[in-house]
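Novice: One structure is given below, represented as structure tokens, and several questions about it will come after.
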Amino acid sequence: MIFGFRPTLFLVVAAFAAHLSDQGRSNGPAAAGPAPAIERLGKDLFRLGRVRVNAATREVTVPGTINPVSTLEFLANTPGGMKAYESALTLESDGVTFNTALVLIGLERSNAHILENRQLEGDHVELWIEVPGAAIKKFRAERLVFDRATNQELPVSDWIYSGSMFQQNGKYLADIEGILIGFVHSRAAVIEHPDTIGVGRYGSVVLNPSLGLQPGAAVTLTVKAVG
């Protein structure tokens, strides 16, 4: 993949967007919507709806809010996503738009695969959270996840771009299930943690109470490609 606003990158994204637009013509509430318009804001800077892309630094930023939840299996869902009741964040993006933005920073779904020990490998990303206020607080997204069984936050690590998938009927699984980022190895997630967390211990993994984040609080999530 060639980074920056170059013909090769533009053609890859344009072809992908055209494919999504075709899928958006299928019927049913879970069908992918029209492909997001890619607005160029400057050299290597793009906007897709509420999602911003910096192709030079290989970063995608998305606004969102804290969900009124305790038990977690996912980090982020789409607006109105069916897994919001066990996701830390609602991001202001559908799955198609979120994935298109990640393609723009050079992430490749073909690199993702599950190893024999159920660990996930693929293109690595860092996830960061910013909370506005008198002083902007910025921290790794792992801090949102707290395991009561071990009494620890999720250790800092890279996450993996898995890309979700299209079904044979042309619907994008991330939008059907409303999942953007997870850690239980769901095929619907666009980004996943490389290790499964809290498997067999449902209810032990919760939104970190020490952060003091209130339901509805505004946040911004940044995905940064690594390597």
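The values are calculated or read from the model by the stated rules, or taken from the named source; none is laboratory data. Predicted model only: the values in this text are computed from it and were never measured. Please note: Cβ atoms are built from the backbone with ideal geometry, for glycine as well, and neighbour counts cover all protein chains shown.
Novice: What number goes with the only condition from (1) in contact with a strand residue (DSSP E or B) (Cβ under 6 Å, 6 or more places away or on another chain); (2) within 25 Å of Gly81 (Cα to Cα); (3) modelled with pLDDT of 90 or more that Lys138 does not pass?
Specialist: It fails just one condition, (2).
Novice: Consider Gly182 against the criteria (1) within 19 Å of the chain's Cα centre (by Cα); (2) more than 26 Å from Pro36 (Cβ to Cβ); (3) of a type outside the set (Val, Ile, Thr): it satisfies all of them except one. Which criterion is unmet?
Specialist: (2)
Novice: Please find, among Ser21, Ser26, Ser70, the residue that is at pLDDT below 95 and in contact with a Pro (Cβ under 6 Å, 6 or more places away or on another chain).
Specialist: So the residue among Ser21, Ser26, Ser70 that is at pLDDT below 95 and in contact with a Pro (Cβ under 6 Å, 6 or more places away or on another chain) is Ser21.
Novice: Does the range 96-117 contain at least one residue that is part of a strand (DSSP E or B), modelled with pLDDT of 90 or more, hydrophobic (A, V, I, L, M, F, W, C) and farther than 28 Å from Ala56 by Cα?
Specialist: No, the range 96-117 contains no residue that is part of a strand (DSSP E or B), modelled with pLDDT of 90 or more, hydrophobic (A, V, I, L, M, F, W, C) and farther than 28 Å from Ala56 by Cα.
Novice: Does Val184 qualify as being closer than 29 Å to Gly133 by Cα, in contact (Cβ under 8 Å) with a residue 24 or more places away in the chain and buried (at least 17 other Cβ atoms within 10 Å of the Cβ)?
Specialist: no
Novice: A further question on this structure: Which strands (runs of 3 or more DSSP E) sit wholly inside the range 121-201 and have at least 2 residues that are within 17 Å of Ala101 (Cβ to Cβ) and touching a Phe, Trp or Tyr at 6+ places or on another chain (Cβ under 7 Å)?
Specialist: Fully inside the range 121-201 and qualifying: 123-131, 179-182.
Novice: Please work out which one of (1) surrounded by 13 or more Cβ atoms within 10 Å (Cβ to Cβ); (2) in contact with a helix residue (DSSP H, G or I) (Cβ under 8 Å, 6 or more places away or on another chain); (3) polar (S, T, N, Q) is the condition Gln167 fails and give its number.
Specialist: So the condition that Gln167 fails would be (1).
Novice: Here's a follow-up. So Leu213 passes all but one of these: (1) part of a loop (DSSP other than H, G, I, E, B); (2) over 25 Å from Arg52 (Cα atoms). Which condition number does it fail?
Specialist: All conditions pass for Leu213, except number (2).
Novice: Related question: Any residue in the range 209-227 that is within 27 Å of Asn151 (Cβ to Cβ) and touching a residue at least 12 places away in the same chain (Cβ under 8 Å) sitting within a Cβ distance under 7 Å of a residue that is of a type in the set (S, T, N, Q) and part of a loop (DSSP other than H, G, I, E, B)? List the pairs, counting only those 6 or more apart or interchain.
Specialist: Sorted first by the residue in the range 209-227, then by its partner, the pairs are Pro215/Asn67.
Novice: Is it the case that the range 58-72 has a residue that's touching a residue at least 24 places away in the same chain (Cβ under 8 Å) and more than 23 Å from Ala218 (Cβ to Cβ)?
Specialist: Checked the range 58-72: at least one residue is touching a residue at least 24 places away in the same chain (Cβ under 8 Å) and more than 23 Å from Ala218 (Cβ to Cβ).
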